[in-house]
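J.: The structure is given below, and queries will be raised subsequently.
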Amino acid sequence: MTKAAQARSDGPAEPPSSGPRRWPRILLAVAAGVVLMLSLAGVGVDVVSAKLEGNITAIDISDTTGRPHVSAPVINEEGNYSAVNILLMGSDSREGETSNRYGDPDVYTGQRSDTTILLHLSEDRSFATAVSIPRDTWVMIPECKRVGETVGGFESKFNTALEIGGPGCTVKLVEQMTGLTIDNFAIVDFTGFKNVVDALGGVEVCLTEPANDPSSDLNLPAGTSIVNGEQALGFVRARKTLTDGSDLSRIKRQQAFLSSMIREASSTGLLLNPVRLFSVLDSATQGLTTDPGLADIDVLRDMALSVKGMAPGDIAFLTMPWLDRGDGENVVVDEEGAAPVWQSMRDDVAWIKPKKVGTTGSGTSKITVAPSDITVRILNGSGIAGRAAEAAAALEAQGFTVTEIDDADRSDYVSTEIRHDAPSAEAARTVLEAFPGATTVADESSATITIVIGSSFSGVSVVNTQGTSSNPDKDRESDAVTDPTTADKVRCA
């Protein structure tokens, strides 16, 4: 297996004294279920602000929800930030599309919530939790008012709410499902998503096997690739040609793409290039539909500044706990498993503890051996097919050399082991940084560092050679929530 070029997400590290690498001051936008965090800093000229604000389409959903929809203030009366729940919807509207590759727009009319993420920003802005809601979740659609009539009041798939009642009906449905108050919402369609990816200059994706999806013209090799907007849309939407074809597997791919987007915006000097920054912001806001509160450019700027210290490792992604409906196609909410998730948002408690500063995954001093100087072999001891290949692709994306992928001596390992001889101890600490929760094992027979993947493996973290990575211990996690991850991890489809 050849070594891929080192992922751009590594970027030039900040000096140790500068603190954690910053997640840029952000504008919240949804891109077909992928929310891009972008900088608003430096966009202070009135004419520029007016242009961006004019791009955003605002919709008042008060009539649909049956109550005044009042956004929580970014800064409360005490002068502190407010915890905020934002519903992010990626619309599958084909309006404006000239190609049939995403379905004939004359057949696929209207819009459905192709992807929905409930995003919670903590009051102290130390963490964010993003929960993906499967579109194939079978729910009771609430009664919603729309254009003088009442719609809903029947069982159907989750994404039907947007189709029949607009964003207000989806907000009402999520509030019904979670018991939470939704403060803001944002929607972007196919065209808006593609424009943002192109304005960023492309986004890196990772595959363990080649992908060829004729319906969307997606043709990518194994390993890492930089995709443009058209390719990115195919990547996040494809079902039949990637993984097992389910919407649930597609959600994991979308979360991985979102993480890559965040790392891209965090590490490519976007703040230092005003022309490129405005291009990205202009593309993001043109494809954006929000509530009137979030459409205010001053509110967006305040929200952007409020999360300026948040790093990719502070952003947790998980999928709403679900149960099989029994029809082979749909799922239902796992009420018992989901309750702790909604409660964590209600209590403003992180699902995965925010990253700590100044220690590595092993909890000691900063690492000294770069990934590009390390060769490893990977053995799958998890009992789950494809885990070793997934880890290999993610490591290669960071510059590691992988010489061998094979099965371990047994398939019931729980913890991931990093086996090494004495001369490789420092290199093993770098590998440990990529596998939070793993253990190092002294093994003089392992001249090449050997990684034995256990069933607890949940993805490869980005190695930070300045020692700003983290303790990944989770604050709370029910057994029903599988594969939670954070935005600093490289995950491969």
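J.: Restricting attention to region 315-339, which residues are under 17 Å from Ile117 (Cα atoms) and part of a helix (DSSP H, G or I)?
T.: The answer is Ala338, Ala339.
J.: Here is a follow-up. Which ones in region 74-101 are surrounded by fewer than 20 Cβ atoms within 10 Å (Cβ to Cβ), closer than 30 Å to Glu143 by Cβ and modelled with pLDDT under 80?
T.: If the condition is that a residue be surrounded by fewer than 20 Cβ atoms within 10 Å (Cβ to Cβ), closer than 30 Å to Glu143 by Cβ and modelled with pLDDT under 80, then Glu95 is the only one that fits.
J.: What are the residues in region 243-257 that are modelled with pLDDT of 70 or more and either touching a Leu at 6+ places or on another chain (Cβ under 7 Å) or more than 12 Å from Thr115 (Cα to Cα) (or both), if any?
T.: Hits for region 243-257 are Ser249, Arg253, Ala256, Phe257.
J.: Here's something else I'd like to know. Which of the strands (runs of 3 or more DSSP E) contained wholly in region 163-241 include at least 2 residues that are surrounded by fewer than 17 Cβ atoms within 10 Å (Cβ to Cβ)?
T.: Result: empty, no element qualifies.
J.: Can you name the condition, by its number, that Thr403 falls short on among (1) outside any loop (DSSP other than H, G, I, E, B); (2) under 19 Å from Ser455 (Cβ atoms)?
T.: (2)
J.: Related question: Among the candidates Gly459, Gly454, Gly437, single out the residue that is buried (at least 16 other Cβ atoms within 10 Å of the Cβ), at pLDDT below 85 and over 19 Å from Ser372 (Cβ atoms).
T.: Gly437
J.: Can you name the condition, by its number, that Ser362 falls short on among (1) within 27 Å of the chain's Cα centre (by Cα); (2) among the polar types (S, T, N, Q); (3) at pLDDT 90 or above?
T.: (3)
The values are calculated or read from the model by the stated rules, or taken from the named source; none is laboratory data. Given the structure is predicted, the values throughout are model-derived calculations rather than measurements. Ideal geometry is used to build each Cβ from the backbone, glycine not excepted, and the neighbour counts take in all protein chains shown.
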